[in-house]
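Since the structure comes first, as structure tokens, the remarks are kept for the end.
What follows is calculated from the coordinates using simple rules that are stated; it is not laboratory data. Keep in mind that this is a model prediction, so the values were computed, not measured. Here the Cβ is made from the backbone with ideal geometry for all residues, glycine too, and neighbour counts use every protein chain on show.
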Amino acid sequence: MMKKSITAMVLLFALTGCDDAAKAIDQAQDAANKAVDGLQQQIESVDLGELNLDQFGDAADSAKALAMSVEEAVKADFSDPQALVEVREQVANAYSCLVDATSESTAEKLLNTVLSSIGNEDALSVIDKGIEKAKAAQECVM
């Protein structure tokens, strides 16, 4: 009789452990889904439609190019080093073109406006490196 009780208790603990493991898996899956949703919101938050690029007059194309290059940085494949180099080059060139067409302070203001909506640290790093490269005498190539 004692063996049956012990066996029943062991089975009960094992089933409880399985239930706890299933709950932990569900919680991990929910957390992963929330992280993906958050990343998707970060990607969608670079909304070029919200920017009034017409205020830049003749430099509107340069302003749009900078905003689009930042958007590309957010969507970049961070596991592909070549893609990151290309995105960094795009950001550097677009920033240089906007500085040439307006001024560095105007380019900085637009950049700060766009960057304020980005929460992806990897994208911010790529963008910062592109801006550093642009400030190191990068020429605008249209």
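Of the lysine pairs in the stretch 61-142, how many meet both conditions: Cα atoms under 17 Å apart, and a spacing of 8 or more in sequence or different chains?
Within the stretch 61-142, the lysine pair count is 4.
With N set to the residue count of the stretch 45-135, report its C-alpha Rg divided by 2.2 N^0.38 Å to two decimal places.
So the stretch 45-135 has a normalised radius of gyration of 0.99.
For an R0 of 22 angstrom, estimate the FRET efficiency from the Cβ-Cβ distance between Gln82 and Asp58 and round to the nearest 0.05.
For R0 = 22 Å, the calculated efficiency reads 0.05.
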